[in-house]
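Take this structure first; my questions come after.
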Amino acid sequence: MACGRVMKRLSDKIALVTGSSSGIGKAVAKCFAKEGATVIITSNSTVNKGMDVVTDIKSTGGNAVYYSADLRHRDNVKSLFQKIKTDFGRLDILVNNAGRTFSYELSSVTEESLKNDLEINYMSAVYCSLEAIKLMKKGGHIINTASIRGFGSACRKGLIGYGGAKAAIMHFTKALANELAPDIYVNAVAPGLVMTEALSKSSPDLIEKWKKSIPIGRFIETDELSEVYLFLATSRIFTGSIIIADGGYTLLEK
């Protein structure tokens with residue numbers, strides 16, 4: 001079922017979508033709001049963009065609030081979830097989407113660069129999940145944003161930290177699902193090449209090269225990807241699953 005149809009599938013749900021000021025997170029937040037959820041938008045450095053997402057959601061009759069948070073540090077995460085507890089009393093859905101792709105030469109790898117990759121792309125999800133389960137009742141959902149770059153067959157030069165973090169996200173998803181079953185469902189989405197604002201800034205030649213490498217012949221749109229998250233947020237049979245949404249890219253093992 002597409003987002004926003006008459007029967008709203010997330011009515012009365014409270015959903016936190018991290019890294020939701022742009023890209024995939026923004027699309028997921030807007031999708032969930034159309035389906036009746038009250039959505040908590042979070043970002044760190046892009047406060048104005050995050051508040052714009054709230055405005056967009058409210059302009060179409062949805063419910064959303066914005067909280068700024070640097071999720072790399074556990075104390076900040078604890079403060080965020082204390083605010084959620086105070087304002088809402090519970091959390092039904094957590095989407096761990098905060099992350100960023102850093103690309104650098106192997107000779108440039110430092111302790112600081114690896115730490116940054118892991119904190120943003122992995123530790124933030126762990127910290128948020130540990131706090132979220134304290135506010136979730138039976139039937140809650142945690143959905144992690146992984147990446148095809150976390151698979152060995154789809155690794156790419158320059159992403160030693162990012163790829164490692166996303167591989168860790170996939171392991172964490174399965175481990176946490178096993179720990180929390182049958183009360184809370186934990187799954188992940190591993191997107192391929194998605195047409196986000198960041199990707200659109202790449203050179204036209206590179207964009208065309210990437211497009212030709214996708215079996216379906218096009219990039220994935222954030223709106224259609226958001227429906228995968230919606231599916232997982234309403235499913236009662238999936239837990240510990242990694243949903244690969246890549247248009248067939250990993251079939252080619254590039």
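The values are calculated or read from the model by the stated rules, or taken from the named source; none is laboratory data. Quick caveat: nothing in here was measured; it's all calculated off a predicted structure. Virtual Cβ from ideal backbone geometry, glycine too; neighbours counted across all protein chains shown. What goes into the accessible areas is simple: the full protein's heavy atoms, side chains included, and nothing from ligands, DNA or RNA. Shrake-Rupley method; radii C 1.70, N 1.55, O 1.52, S 1.80 Å.
Check every one of the helices (runs of 4 or more DSSP H) wholly within segment 111-215 and list those with 2 or more residues that are closer than 21 Å to residue 251 by Cβ.
Hits in segment 111-215: 160-180, 204-212.
Considering segment 141-159 alone, what residues qualify as being at pLDDT 70 or above and open to solvent by 50 Å² or more (accessible area, probe 1.4 Å)? First the steps, then the outcome.
Residues of segment 141-159 that are at pLDDT 70 or above, as a first pass: 141-151.
Result: 151, single match.
Do you know which residues across segment 181-240 are of a type in the set (Gly, Ala, Ser) and modelled with pLDDT under 95?
Initial filter on segment 181-240 (of a type in the set (Gly, Ala, Ser)): 181, 188, 190, 192, 198, 200, 202-203, 213, 217, 226, 233, 235, 240.
Within segment 181-240, 192, 198, 200, 202, 203, 213, 217 meet the criteria.
Within the set of pairs 6+ apart or on separate chains, which have a first residue in segment 219-247 that is in contact (Cβ under 8 Å) with a residue 60 or more places away in the chain and under 18 Å from residue 140 (Cβ atoms), a second that is among the basic types (Lys, Arg) and assigned to a helix (DSSP H, G or I), and C-beta atoms under 6 Å apart?
240/174
Right, here's the next one. Is it true that some residue in segment 121-130 is under 30 Å from residue 13 (Cα atoms), crowded, with 20+ Cβ neighbours inside 10 Å and among the aromatic types (Phe, Trp, Tyr)?
Taking every residue of segment 121-130 in turn, at least one turns out to be under 30 Å from residue 13 (Cα atoms), crowded, with 20+ Cβ neighbours inside 10 Å and among the aromatic types (Phe, Trp, Tyr).
Here's another thing I want to ask about it. Taking the stated definitions as given, is residue 78 modelled with pLDDT of 95 or more, under 26 Å from residue 221 (Cβ atoms) and either of a type in the set (S, T, N, Q) or open to solvent by 10 Å² or more (accessible area, probe 1.4 Å) (or both)? Working first, answer last.
On the way: modelled with pLDDT of 95 or more: yes; under 26 Å from residue 221 (Cβ atoms): no; either of a type in the set (S, T, N, Q) or open to solvent by 10 Å² or more (accessible area, probe 1.4 Å) (or both): yes.
So residue 78 does not fit the description; no.
Let me ask something additional. Does segment 52-68 contain any residue that is over 21 Å from residue 229 (Cβ atoms) and of a type outside the set (Val, Ile, Thr)?
First, pick out the residues of segment 52-68 that are over 21 Å from residue 229 (Cβ atoms): 55, 59, 68.
This time we only want the ones that are of a type outside the set (Val, Ile, Thr), so: 59, 68.
Yes, segment 52-68 contains at least one residue that is over 21 Å from residue 229 (Cβ atoms) and of a type outside the set (Val, Ile, Thr).
If you don't mind, another one. Scanning for something out of contact with any Cys (no Cβ under 7 Å at 6 or more places or on another chain), surrounded by fewer than 24 Cβ atoms within 10 Å (Cβ to Cβ) and part of a helix (DSSP H, G or I), does segment 59-66 turn up at least one residue?
Just the residues of segment 59-66 that are out of contact with any Cys (no Cβ under 7 Å at 6 or more places or on another chain), to begin with: 59-66.
Among the residues that remain, those that are also surrounded by fewer than 24 Cβ atoms within 10 Å (Cβ to Cβ) are: 59-63, 65-66.
Narrowing the set further to residues that are part of a helix (DSSP H, G or I) leaves 59.
Yes: one or more hits.
From the set of residues in segment 81-95 that are surrounded by fewer than 19 Cβ atoms within 10 Å (Cβ to Cβ) and not β-branched (Val, Ile, Thr), which is nearest to residue 187 (Cα to Cα)?
Within segment 81-95, the first condition is being surrounded by fewer than 19 Cβ atoms within 10 Å (Cβ to Cβ), and the residues that meet it are 82-83, 85-90.
In the following step, the residues that additionally are not β-branched (Val, Ile, Thr) were identified as 82-83, 85, 87-90.
Details: 82: 24, 83: 25, 85: 23, 87: 26, 88: 24, 89: 24, 90: 20 Å.
The selected residue is 90.
I'd like to verify a number: residues in segment 198-243 that are open to solvent by 80 Å² or more (accessible area, probe 1.4 Å) and closer than 17 Å to residue 28 by Cβ, how many?
3
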